[in-house]
1. Residue by residue through the stretch 462-468, what is 3J(HN,Hα) from phi via Karplus (6.51 cos²θ - 1.76 cosθ + 1.60, θ = phi - 60°)? Round to whole Hz and write x for glycine and proline.
2. Just add up the charged neighbours of residue 158: K/R +1, D/E -1, any other residue whose Cβ is under 9 Å from the Cβ of residue 158.
3. Report the label-to-label distance for residue 25 and residue 419 in nanometres (one decimal), using points 7 Å from each Cα along the Cα→Cβ vector.
4. Once every DSSP H run of n ≥ 4 in the chain is given -39500 (n - 2.57) and the sum is divided by its residues, what mean residue ellipticity at 222 nm do you get, rounded to the nearest 500 deg cm²/dmol?
5. Want the number for residue 119 to residue 199: 0.36 nm per residue separation, take away the alpha-carbon distance, what's left?
6. Return the whole-Å distance between the Cα centroid of the stretch 396-429 and the Cα centroid of the stretch 147-210.
7. Using the Karplus equation 6.51 cos²θ - 1.76 cosθ + 1.60 (θ = phi - 60°), what ³J(HN,Hα) coupling, rounded to whole Hz, does each residue of the stretch 191-196 give in order, writing x for Gly and Pro?
8. Expressed in nm to one decimal, what extension gain is obtained for the pair residue 684 and residue 361 from 0.36 nm per residue of sequence separation less their Cα-Cα distance?
Amino acid sequence: MGFLSRYFLIGLLGAAMPILIHLLTRDRVQRVAFSTLRFFANVSRNVLRRKRIYEMILLAMRTAACALLAIAFARPFLASGDGGAGALFTPGTARAIVVDLSGSMGREGLLTPLREEALTALNSLSEGRDAAALVTFTDTPRVEVPFTRRLGEVRAKLEAIAPTHGGTRIAAALKQADTLLRAVKARAKETVLISDLQRAGWTDFEGDWKLAPGVRLIVRPVQPKEGSGGVAIVEADTPQSVVLSRTPRTLAARLANFSRAEARDVEVALSVGDREIASQKVSLRPGARVPVRFRHVFDTAGNNPGSIRIKPGARPAEGQEFWFNVRVIPRIPVPILNGRPTTSPMTDATWFLAKALAPGEDTPFLARSIEAAKALPDEFQDARVVILANVGEVAPAIRDALAALLKRGGGLLFLPGDRVDAETFNRVLGDLAPCRLRRIITPAARTDEPAEIGIARVDYDHPVFEIFQRPHHGDLSTARFTQYWEVTDSQLSRVLARYDDGRPTLLERPIEAGTSMMLTNPADLQWSNLPLRAIFLPLLHQAVRYLAVRTEGRTGFRVGERLPVPEGHTLRGPDGKPVAAADAIATQPGLYSVEVHLPRLPDPREIKPVFQYAVNCDPAEADPATVAPREILAALERVQGEVVAGEEAAGVAKRPGRDDERGLWWYVLLAVAALSVGELALGSRATRH
């Protein structure tokens, strides 16, 4: 139990007044013997005993009434165990303090006003009378202290807050505070938002909710120190996984100048491993954005960590360095199941495929042709990609091996031809393919034109075709097809290319953790001239690379995301300290290492890094553009009587009744009134003499 006005408890001393009055005014009885009354002695004794009992009850009722009256003026309330929102007493004001701890709040001159505004919002509440909750937020909101009347707990948390490296989501934080307020009863409900109001943190609001009825939103913007903006990396594009080759890869970044002065000769450097590879100097006008590109050959298998950074000399801003880790896959074993093995290159199902995948010693692929009827499951254990050339049926053990490949993240490429029966293929391999086969189509011949068809529509945004959108990198329309398979049940697949008649040419579909792809035409000269076209080799290489790279795990993450840690492995942060697997949340930018203990080594404590994650801040945190407080208020505050979709009208319009606004003191006053009525009734029956 607590009291709003404890000083009124001094009135408990008034409970002694009825006792003092009784002692000072009680009857002084003198004994006088009358001989004529000796026969009434027993009757008088009974009357006096009854009178004494009445007087004791009356004295207790008067004392209790005086004590309860003092307690009522002290405004008592019953609280839950934590003094929080579950209390019987309704607080005068329930205020949710929402504090922005995103990366942008780390700019110079923001931390002090942030704490001051938060403490001001807290200190204006009355200890014991009002309730407060503290919600901090970055990409996700976090309830630091639920509603409580112990304001000291909130104050202690506020004094320890500090900005992090996370992103900004203002709407999610306000919705979390609104959820807390909906669960508490109070005469006044308020949400106080304290933030730099970064516009990038408000763009995700979709207008699908409003503040609860009666909730007042107060926005307290804090401004960074004048001139704290600078040059920052606001966008970067680096490969996460590549196949080992001598082909240079592009690493690009976009810089922005958020200051009011021109930034001259800003040096941007590319580092791979512990070595700086290249650097460039750029100049940016105020508000300008400039791209920077580097080319580098990743010829080391495994992890290739590095960064693109703005070298010292530029004005400081969030986003000075972008981290990456390019996983380089060594030469890829590619088993090719041959559904029509012959001695003639013109008719063999795999001859052109094998030649295209291994044109020289510098190829990234280890292509190997295997007769489909003689294949063994062990031949697919280490495979990342398997090509099925004109294969319509395989043994159950081979099918299980192919299914296991997809389950562990591998890829399948189907090239059905004339040796494939649609019914058999659909029964045996239909669940592993991106679609099912229906029939073989032969294009209708036109006047003075051969009976053939070409590729008309291509998804150039897909990695398989992206190289063909560059000038002089191949014309897909040069491939002509005299036959092809019509497919069905392709609703779950993505069509990457279509023939002139609109039927699919190339499809893909994710299955389990892997990817299944189908070219509705075999790579031989009986159905098309594709193997003889210049586009055949890059098209096949891109498809196999794409399927192989997808077997690699993700290497790039944002601050606030959970990092995968396999069982039996250890995660170490950028500072080299181990991170518990249960708490593997990226809290700072940099390179995280996944290490495994190797007990077979002479020193059992020796560990070996097997994977690295590159973690970066949200680039939008560098943008100082803000949203106006009135825009947030207009979007979230509810017009009187407004009902938001999904809310019950009765529930929205309901206002807490007077019973919700009364505290325990009201019931104490009722007890005083009841005691007074009882005292009057009992006092009228108790005679004075």
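Throughout, read-outs are computed from the coordinates displayed, never taken from laboratory work. Just so it is clear, the structure is predicted and the values come from calculations on it, not from any experiment. Reconstructed Cβ throughout: ideal geometry from the backbone, glycine too, with neighbour counts over all protein chains shown.
1. Values per residue, Gly and Pro as x: 7, x, 5, 10, 4, 6, 7 Hz.
2. Net charge around residue 158: +1.
3. About 12.0 nm separates the two model spin labels.
4. -7000 deg cm²/dmol
5. 26.3 nm
6. The two parts, judged by their Cα centres, are 53 Å apart.
7. 10, 10, 9, 10, 7, 7
8. Gain on stretching residue 684 to residue 361: 104.5 nm.
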